[in-house]
Amino acid sequence: EDPLAKICLIRHASSITCGSKCCASNGACISNEPPSEPECCYISEPNVECCSDADCNDPSSPNQASCQSNSCTSTCVVIVEGSDCCSSEDCTNPSLPLCQSNVCVEDTTCQHQCCSDSDCQEFGYPICNPSGECVCALSVAHGIACCSSDDCADDRFECSNHSCVKRQCDSELPAFQCCDDTDCENSNYECHDDECRLIECDMSIVQCCDDSDCDTGLVCSSNVCLANGNPRFTLSWIGDDDLDLHVRTPGESEIWYSHTYDSDSGGELDHDDIPREGDSTLHVENIFFPMDGTAPLGLYTYFVQNYHMWGEVNGWTLELYGGETL
């Protein structure tokens, strides 16, 4: 048996990709000379990956390769833009930014502080914003009433778990006028909702008990007849501190004791109160604007000045009305 023909038969049985230049269809050797490259090529040979380009390519893949020196040299061609890819640079769809196995896929790794609201719980924040940052923002949908105590109505409340909760009553804090009846210096008053209020309305000691006790166009507020307005700012306190109410209009005019009327806005201080030392009764100051809605639109700013303090700081309350609405 011809040894060369046997070798040729074995190679043929494995895989012959170069036709019959070396071996006939029955495996017989055509030439008495040993096979030589490039006339004969067998992919079953060691270190032989390919004999032609067809050995390297899968028609369904964007990867295209050529057979060079019996090795497949790969190249990549994007077939469908935004879908098949050779690298992540080919992935133009923001929602599918990564190239994996020649397919654009979603990036499931998070490179930010957060990728969802749940990631922010460990930082004590409720919301993950689009930039991947944990933040706090007032949001009814998220049940967030506050991000800090400054967002709450007044100093009687503090922000806890993004909700405004009432602090434990402390009469040392100006926001709490009283915690019990003993904090009310006048025996005619009792502590109600952290404020000292008359136990019973007695016209012998107050100006009014309700609006019917006042002249037309005036309202009874804190037992004093005051001009109503839209808006109206009413300051009340018990004690001998001389407090002054200031309101700054959108036009930057300031209404207070030294400037009681502003012609541009129609705002006016109609009631000023100056306690004397040892006075423990209720005091009221009131600044109002026209009820007909002619007050200028914009930002109104108020503040309370302790013009003179006789002893300990007195707590005070400021009520803001929009017409008849508190």
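Only one of the numbered conditions (1) under 34 Å from the mean Cα position of the chain (by Cα); (2) in a strand (DSSP E or B) is violated by Asn286, and that is (1). Candidates in the range 153-181 are the residues that are hydrophobic (A, V, I, L, M, F, W, C) and touching a residue at least 12 places away in the same chain (Cβ under 8 Å); of these, the one that is farthest from His192 (Cα to Cα) is Cys159.
Taking the listed residues Cys208, Cys225, Cys220, the one that is without any contact (Cβ under 8 Å) to a residue 24 or more places away in the chain and part of a loop (DSSP other than H, G, I, E, B) is Cys208, with no other qualifying.
Yes/no matrix, rows are residues, columns are (1) open to solvent by less than 60 Å² (accessible area, probe 1.4 Å); (2) of a type outside the set (Ser, Thr, Tyr); (3) closer than 12 Å to Asp241 by Cβ:
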residue	(1), (2), (3)
Leu269	yes, yes, no
Asp273	yes, yes, yes
Glu277	no, yes, yes
Ile287	yes, yes, no
Tyr300	yes, no, no
Val304	yes, yes, yes
Tyr307	no, no, yes
Glu312	no, yes, yes
Thr325	no, no, no
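The set of residues from the range 156-193 being of a type in the set (Asp, Glu), outside any helix (DSSP H, G or I) and modelled with pLDDT of 80 or more comprises Glu158, Asp170, Asp180, Glu190.
The values are calculated or read from the model by the stated rules, or taken from the named source; none is laboratory data. What you are looking at is a predicted structure, and each value in this text was computed from that prediction instead of being measured. Note that each Cβ is placed from the backbone with ideal geometry, even for glycine, and that neighbours are counted across all protein chains shown. We work out accessible area using only protein heavy atoms, side chains counted, and drop any ligands, DNA or RNA first. Shrake-Rupley method; radii C 1.70, N 1.55, O 1.52, S 1.80 Å.
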